[in-house]
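Structure first, commentary second.
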Amino acid sequence: MFVSAKHILLGSAAVLLSVPAMAAEETTVASVAPPAHALVNCSGAPSVPMTADAEQALPLSLVATLSCGGDVAVLSDDEGYTARVRSSDGKEGYVARMYLLMAKSSAGSAAPAHPPVATAVNGVARWNAGAPGCDEFRSQGRLVESLTLNGVTVQVSLQDTGWKLRASVAISNQTETALNVAPSLITLDELQPNLRLLPAQNPTKIAHAANHQSLWTLANAGPSPSAVVFREISSSGTQSSAYRPTAAPDYLSQRYVVVSAKQPPVREDSADPLALALKAGTLAPQQKVAGVIWFARDAGARELSLRVPVGDFVFDFPLSFEAHK
């Protein structure tokens, strides 16, 4: 078949004219912002239902149950009763907006799904106020330090009961491999005025003690007085400021603490030290665990270091009672 030079020129011109349109189409697609994110705020419930229908008619057509403090992508939100979301494991469904703390982001931008990552030196990641992967906030009257590294988030708080020092520890495994949780390897060192190890206390002996002061709180440890508190979470579980999407979820704010994947959640205000104690075990991917460890008390302790080994790293948290004594 004969093709004239005129037809070739016309065809070439058509292709050239279509290039700007194709480029504009690609530009339009690339400019679509990813979905915003929200924090799951349980408001005292152990979990939040995600259903297949926006009306959440009874009986509920459950897609999944969302954990408190988890991050979800908001796919659509018309500010009605529910919003359509996607969980961290890819499941999509509807959640009542009353359980979502929406991220405030600028137009055309979206909140990142995960907090920044800290760095480790010689296998030790040390918490520093304002550093990447480090967060600090008050939750239910206690100060919490949070440290995220390579998909693992560790959060701690330390209280002086007047009898023992009580450390609350939460570990979230967002990696693709299982992690060992070993409470016996978690240590608390006094740095000032004395330099010494404060031994961990057997939770069985704590439970059998005649007094129940192990659950009291006379003082909350915190970082240095110059540290900045980024978020404030009230005792009702609601934040007094907007959800900061670059921050890690508050794994210690839940009123129910999962102490074992094979056991039901235990109320955080339970009077049973054995139930609240952090248990040794394996933490599967996308799971989290929280519990309590008691340490010997030095009434004069000012500066301390709580070290939590997880995986290949040690998460080091500097704490201080200086402002309280």
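For the reader, a short list of remarks on this structure follows.
- Meets criteria (under 21 Å from PHE295 (Cα atoms), out of contact with any helix residue (DSSP H, G or I) (no Cβ under 9 Å at 6 or more places or on another chain) and open to solvent by less than 40 Å² (accessible area, probe 1.4 Å)) for ALA167: yes
- Test result for ASN220, out of contact with any Ser or Thr (no Cβ under 6 Å at 6 or more places or on another chain), open to solvent by 60 Å² or more (accessible area, probe 1.4 Å) and modelled with pLDDT of 60 or more: no
- Enumerated strands (runs of 3 or more DSSP E) restricted to segment 58-101, each holding at least 2 residues that are of a type in the set (D, E, K, R): 82-86
- Within segment 166-200, being outside any loop (DSSP other than H, G, I, E, B) and either touching a His at 6+ places or on another chain (Cβ under 9 Å) or closer than 11 Å to LEU304 by Cα (or both) holds for THR187, LEU188, ASP189, GLU190, LEU191, GLN192, ARG196, LEU197, LEU198.
- Single condition LEU197 does not satisfy, out of (1) at pLDDT below 90; (2) touching a strand residue (DSSP E or B) at 6+ places or on another chain (Cβ under 9 Å): (1)
- Failed criterion for THR82 (all others in (1) without any contact (Cβ under 8 Å) to a residue 12 or more places away in the chain; (2) more than 23 Å from GLN286 (Cβ to Cβ) hold): (1)
- Every residue from segment 170-185 that is open to solvent by 10 Å² or more (accessible area, probe 1.4 Å) and either out of contact with any Pro (no Cβ under 7 Å at 6 or more places or on another chain) or of a type outside the set (Val, Ile, Thr) (or both): GLN174, GLU176, ALA178, LEU179, ASN180, VAL181, ALA182, PRO183, SER184, LEU185
- Strands (runs of 3 or more DSSP E) contained in segment 235-325 and holding at least 3 residues modelled with pLDDT of 90 or more and under 23 Å from ASP160 (Cβ atoms): 287-295, 303-310, 313-320
- Of the criteria (1) modelled with pLDDT of 85 or more; (2) not in a strand (DSSP E or B), which one THR153 fails: (2)
- Flag if LEU158 is among the hydrophobic types (A, V, I, L, M, F, W, C) and surrounded by fewer than 23 Cβ atoms within 10 Å (Cβ to Cβ): no
- Residue among ALA107, ALA24 that is farther than 19 Å from ASP250 by Cα and either open to solvent by less than 60 Å² (accessible area, probe 1.4 Å) or modelled with pLDDT of 85 or more (or both): ALA24
The values are calculated or read from the model by the stated rules, or taken from the named source; none is laboratory data. As the structure is a computational prediction, the values presented were derived from the model and not from experiment. Glycine also receives a Cβ, built like all others from the backbone with ideal geometry; neighbour counts cover every protein chain displayed. For accessibility, only protein heavy atoms count, side chains too; no ligands or nucleic acids. Shrake-Rupley method; radii C 1.70, N 1.55, O 1.52, S 1.80 Å.
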